[in-house]
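Can you keep this structure in mind? I'll have questions shortly.
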DNA sequence: TTGATTCGGAAACAATCATTCCCTATTATC
DNA sequence: GATAATAGGGAATGATTGTTTCCGAATCAA
């Protein structure tokens, strides 16, 4: 069932919510229509479950990237680098469910809207935490405004997904190199 | 007719392409179904026309913002400020057609995909131009990598629209203040 | 082996979608 | 002033949508 949900994640990432028919879903999940409706109340419930699964997976990947660094600044650098890599190439063209939900559903679907809003704040807090960590260990100057910088970095990560989906090439080292100036 | 197209822009910005029925369109445009199909070949053609109109309008607004500055750095600062303002509040919740098209259609609709890609490059070139202008007039250091910085700034502007649509508050002065570090 | 129960699959359902067709005004032309 | 031509409006159409229902197969207990 989890593998079927993974396949649903993939379809929703590629096609978005409205362009995904339940025919597309059953084909991707290798399940019959009846089976999908046995497991979920409706299409919306499938999407919500897919969203949660995607977010959990991405969060784990981001923590793993952070763990590669040895201090706050390096951890943040690896997080940004990870975001660029995931926004690029075929993975980038597949799209991000958070960005997709924010753009396509957030305004008209209060449930998704609240969930997206909360997730962005979670991500922002994680970055702000890394900045404060860097300030504590001396790798990031104390005068850096952690909250403002974190919010701008969230904009960068979300924007990367948009630009990556639009097939502009993204060079991780170069872009992150520039972005790290925000910590000066 | 142009006023009807403006209303179409508004609906597409709020609801996206797939969630906008032609019933929504006729209601917003104050036109009957037949009249819409007299003026445009199909829904897709309405969207393309709305897209072009939106892009033209936004481009004009951005040039006006740039004109407020007296040198390259100040022009760029006003452009970024303008992007934050448009990403915020009710205007921000209405959404951006470029971002919406990139996320919802770019991957499956080659026509829209090419158009979005080209538009992002145009915007990027405009920003890169402002950076070089600043380097020529001495307001921006010569060691700044114009192309990489412009690409990152495009990520910021697109990300702002995502974050704004998700109802996170955006403080123009603070965010732009941080972003200007990229020109150090 | 038999009975009950759970699970997946395909056909049927109503609703909604984009699109077309036809009719009615309104304008312009002769 | 009559007529042709055009633009706009709304009902009809066929396809597709999300959802439900019903049926068969497989699993487990007795």
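FYI, it's all coordinate maths here, none of it is from the lab. The structure displayed is predicted, hence computed values, not measured ones. Cβ placement follows ideal geometry from the backbone for every residue including glycine, while neighbour counts extend to all protein chains displayed.
Hull surface divided by four, with the convex hull built on the Cα atoms of the protein assembly as shown: how many nm²?
With every direction weighted equally, the projected area is 18.5 nm².
What ranking of B:149, A:70 emerges when the number of other C-beta atoms within 10 Å of each C-beta is taken as an exposure proxy, fewest first?
A:70, B:149
Given the options B:47, B:126, B:12, state which has the largest fluctuation in a GNM of chain B using a 10 Å cut-off (strictly under) for Cα springs.
B:126
Kindly provide the helix-only [θ] at 222 nm of chain A, computed as the sum of -39,500 (n - 2.57) over DSSP H runs of four or more divided by all residues, to the nearest 500 deg cm²/dmol?
Theoretical 222 nm ellipticity from helices: -24500 deg cm²/dmol.
Something else now. In whole angstrom, how far apart do the alpha carbon centroids of region A:1-29 and region A:73-131 sit?
20 Å
For region B:167-184 and region A:152-177, what is the separation of their C-alpha centers, rounded to whole Å?
17 Å
In Å, what Kirkwood hydrodynamic radius results for region A:50-183 from the alpha-carbon pair distances?
This gives a value of 15.2 Å.
Under the convention of a label 7 Å out along Cα→Cβ, give the distances in nm from residue A:23 to the same position in every other copy, shortest first.
Listed shortest first, these distances are 2.1 nm.
Would you kindly work out, in nm and rounded to one decimal, the distances from the label point of residue A:141 to those of the same position in each other copy, ordered shortest first, with label points 7 Å along Cα-to-Cβ?
Inter-copy label distances (nm, one decimal, shortest first): 1.0.
In addition: Where the label is 7 Å out from Cα toward Cβ, how close does residue B:44 come to the same position in every other copy, in nm, shortest first?
3.0
So what are the radius of gyration and Dmax for the Cα set of region B:1-107, in Å?
Here Rg and the maximum Cα pair distance are 15.7, 51 Å.
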